[in-house]
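Colleague: Just passing along the structure, written as structure tokens.
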Amino acid sequence: MRDLREIISRQLLPRVTRPSQYIGLETNARCNDPAAAEVTVALAFPDAYTIGISHLGSQILYHLLNDLPGVACDRTYCPLPDAEDIMRHERIPLFGWESRLAIADFDVLGFSLSYEMQVTNVLTILDLAGIPLRSCDRTDDDPIVIAGDTLADSPEPLADFIDIFLVGDGEAPLSELVELVRQSKRRGASREELLLAAAWRIPSAYVPRFYQPQYDDGRFAGLQRLRDDVPEAIDHARLPGLDHSPAITRPLVPLAEAVHERVVIEIMRGCPNACRFCQAGFTRLPVRIRSVDEIVRIARESVAATGFREISLLSLSTSDYPHLDELIDRLTAEFASQHVSISLPSLRVDSQLQQLPKLTSTVRKGGLTIAAEAGSERLRRAIGKGITEADMLAGVRAAYEAGWRRVKVYFMAGLPGETDEDIEAIFDLCLRLSDTRRDVDGQRGAISASVSWFVPKPHTPMQWSPMRDADYFWSVRTRLRDRARRSPVQFKFHRIEQSLLEATLCRGDRRMGDVIEAAWRNGARLDGWTEHFNNDAWMTAFAQADLDPADYRREISTNAPTPWSHIHCPRRCDFLLAEYERMQQALTD
Ligand code: SF4
């Protein structure tokens, strides 16, 4: 394996901004010696270090792999544009953050794909590593390129670039795959033999090269198997319980600025609420919880191993954790005297939240976040968001009384059946939330309202819904901004072009691969970052591929196959369809 230590130290680090993000000697870093390992794995997070180092899922897999005998797992991230330029100019290949070995020399390169806007970063990483972009161009000398996480649930847009997708919970299938790689190396098996073995033996492994997409009059018409011995459908892997996932008690401590600098503990996987627009709510089932004893143990050991002064209790919906009151009490008793605070990143406003601010002084009062999603009761009912305005007003009032001051409310606009009145209701709800503070201390509360644009996601009951067009979103933006003038409400809006592209990518078929590569060659980089997003590069790419992005945002017939139909998530199509019909019924009630 090529050791790049010298060249990185001499030619890269002195010339990049914030070189500490490329150093990789974080507290609790623990890559085993690749030279002594039978199987080497590089885990790539396809975004900048500042985001990737905070990704809990990657850390779970990193620890899991380094715990396997004979396995060495290193990490890599997407270099920022200044580093990319230098690496290209100086011909420095992408490297493992700890081993400083060339990524192309590892046996496996694994991507964690959590967000559509990271797809061009996958190509940047492959190209900087010197690995052919397309799976069909790779040889036995190249790493096996695998990918998991959210985008693996609708994998076709990246199917040309990934050798194996692992769908669902990654822990068990990844261990199985690494074992397959070990056996294949011992036997001297070819790349093709290994890919076939993965497709045969791992029910959640999707190997795109064994499937051919069909099109009818320009529309996706299904996937055809190219071999009879690969499965027709791919199972979503499900971990039986969180005790089967490694408890991270020695998390990495970032060397450079990171989005989260705190202990993060996954207290629950899955969400019981099933909001009809939410992909995670339908794909991460069933709900699995960690015990209070185990969480307290992890918190104790993690704080001791890192020096962090904040513990974040992570789940899709933390207030649905069934023992939350007891957990907060136990953590408060343990950490209050150490000045370690507790943050709850995802709260649901209901009767439980009304109690929560009183429970403890250890909970951070930085800000209260409410996912209202829609302004009107009618739309909230239709999308399955089971909170009422009365819940929200009572919860926010209780929070103000307990000393919380900042209130942030999340909304989506562009929902099916949405009218002008529903948009007005967004502003009116914000005003009423602000007014609840008057009863507490006579002042109006400042409300920060974040508005995103509804993206109909695969594997949800709303997957068949169309997405509204840019003109509609611009009109909503203008209307809300005008209404908020000289009010205590401040709106922030997601960038419209990014949301439209996100929808096109998540609903895309395999033809999207040509678009992604063309956009990347046109200069698209770090598309999730507003300051880097280059919409022109994408629009040119769609024209080059002779595809209309709007075609992917239209209503989908409930009888038509979708590019993700072969991925069998916990909630099957008939269940989603029944929910879709309930939503439509609710809109007409
Ligand atoms: S509560 Fe949140 S995570 Fe759960 S289904 Fe609803 S939107 Fe998704």
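The values are calculated or read from the model by the stated rules, or taken from the named source; none is laboratory data. All values derive from a computational prediction rather than experimental measurement. Using ideal geometry, Cβ is built from the backbone for each residue, glycine included, and neighbour counts are taken over all protein chains shown.
Colleague: Of the conditions (1) of a type outside the set (F, W, Y); (2) assigned to a helix (DSSP H, G or I); (3) touching a residue at least 60 places away in the same chain (Cβ under 8 Å), A42 satisfies every one except a single condition; which number is it?
Modeller: If we test A42 against (1) of a type outside the set (F, W, Y); (2) assigned to a helix (DSSP H, G or I); (3) touching a residue at least 60 places away in the same chain (Cβ under 8 Å), just (2) comes out false.
Colleague: Quick one: which of T283, T249 is among the β-branched types (V, I, T) and within 13 Å of the ligand (Cβ to nearest atom)?
Modeller: Being among the β-branched types (V, I, T) and within 13 Å of the ligand (Cβ to nearest atom) holds for just one of T283, T249, which is T283.
Colleague: Could you check how many residues of the stretch 389-429 are out of contact with any strand residue (DSSP E or B) (no Cβ under 9 Å at 6 or more places or on another chain) and not in a loop (DSSP other than H, G, I, E, B)?
Modeller: Here the count works out to 12.
Colleague: When the residues of the stretch 162-194 are filtered to those that are within 19 Å of the chain's Cα centre (by Cα) and part of a loop (DSSP other than H, G, I, E, B), which remaining residue is surrounded by the fewest Cβ atoms within 10 Å (Cβ to Cβ)?
Modeller: D169
Colleague: Within the stretch 300-336, how many residues turn out to be without any contact (Cβ under 8 Å) to a residue 40 or more places away in the chain and either within 14 Å of the ligand (Cβ to nearest atom) or in a helix (DSSP H, G or I) (or both)?
Modeller: Within the stretch 300-336, residues that are without any contact (Cβ under 8 Å) to a residue 40 or more places away in the chain and either within 14 Å of the ligand (Cβ to nearest atom) or in a helix (DSSP H, G or I) (or both) number 15.
Colleague: If you go through the stretch 74-112 one residue at a time, how many are in contact with a strand residue (DSSP E or B) (Cβ under 9 Å, 6 or more places away or on another chain), buried (at least 20 other Cβ atoms within 10 Å of the Cβ) and assigned to a loop (DSSP other than H, G, I, E, B)?
Modeller: 8
Colleague: Which of the residues belonging to the stretch 369-381 are within 15 Å of the ligand (Cβ to nearest atom) and assigned to a helix (DSSP H, G or I)?
Modeller: L379, R380, R381
Colleague: Any residue in the stretch 382-396 that's within 16 Å of the ligand (Cβ to nearest atom): show its pairings with residues that are outside any helix (DSSP H, G or I) and among the β-branched types (V, I, T) at Cβ separation under 7 Å, as long as the two are six or more apart or on different chains.
Modeller: If the second residue must be outside any helix (DSSP H, G or I) and among the β-branched types (V, I, T), the pairs left are I387/V349; D391/V349; M392/V349; M392/I370; G395/V349.
Colleague: Scanning for something hydrophobic (A, V, I, L, M, F, W, C), in the same structural domain as I383 (by TED's automatic domain parsing), touching a His at 6+ places or on another chain (Cβ under 9 Å) and modelled with pLDDT of 95 or more, does the stretch 551-565 turn up at least one residue?
Modeller: Checking the stretch 551-565: at least one residue is hydrophobic (A, V, I, L, M, F, W, C), in the same structural domain as I383 (by TED's automatic domain parsing), touching a His at 6+ places or on another chain (Cβ under 9 Å) and modelled with pLDDT of 95 or more.
Colleague: Counting only residues that are within 16 Å of the chain's Cα centre (by Cα) and within 8 Å of the ligand (Cβ to nearest atom), which one in the stretch 263-278 is surrounded by the fewest Cβ atoms within 10 Å (Cβ to Cβ)?
Modeller: The residue in question is C271.
Colleague: Follow-up question, since we're still on this one. For the stretch 224-267, which positions are free of Cβ contacts under 8 Å to residues at least 60 places away in the same chain, touching a helix residue (DSSP H, G or I) at 6+ places or on another chain (Cβ under 7 Å) and hydrophobic (A, V, I, L, M, F, W, C)?
Modeller: Once the filter is applied, which keeps residues that are free of Cβ contacts under 8 Å to residues at least 60 places away in the same chain, touching a helix residue (DSSP H, G or I) at 6+ places or on another chain (Cβ under 7 Å) and hydrophobic (A, V, I, L, M, F, W, C), the stretch 224-267 yields L226, V230, A247, V263, I265.
Colleague: Related question: Out of everything in the stretch 575-589 that is assigned to a helix (DSSP H, G or I) and of a type outside the set (A, V, I, L, M), what residue ends up being farthest from the chain's Cα centre (by Cα)?
Modeller: Selected residue: T588.
Colleague: Before we move on, is V145 assigned to a helix (DSSP H, G or I), within 26 Å of the chain's Cα centre (by Cα), buried (at least 17 other Cβ atoms within 10 Å of the Cβ) and among the β-branched types (V, I, T)?
Modeller: Judged against the criteria, V145 is not a match.
Colleague: Still on this structure: So, in the stretch 116-150, exactly how many residues are of a type outside the set (A, V, I, L, M) and either modelled with pLDDT under 95 or farther than 21 Å from N522 by Cβ (or both)?
Modeller: Going through the stretch 116-150 one residue at a time, the tally reaches 12.
Colleague: While we're here: On the basis of being surrounded by fewer than 23 Cβ atoms within 10 Å (Cβ to Cβ), within 30 Å of D428 (Cα to Cα) and modelled with pLDDT of 95 or more, does H494 make the cut?
Modeller: The answer is yes for H494.
Conditions tested, residue by residue: (1) farther than 23 Å from I342 by Cα; (2) under 28 Å from the mean Cα position of the chain (by Cα).
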| site | (1), (2) |
| --- | --- |
| R405 | no, no |
| I426 | yes, yes |
| L429 | yes, no |
| S434 | yes, no |
| R437 | yes, no |
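Colleague: Step by step: first the residues of the stretch 294-316, then only those that are at pLDDT 95 or above and among the basic types (K, R), then the one that is nearest to N273 (Cα to Cα). Which residue is that?
Modeller: Residue satisfying both the conditions and the ranking: R297.
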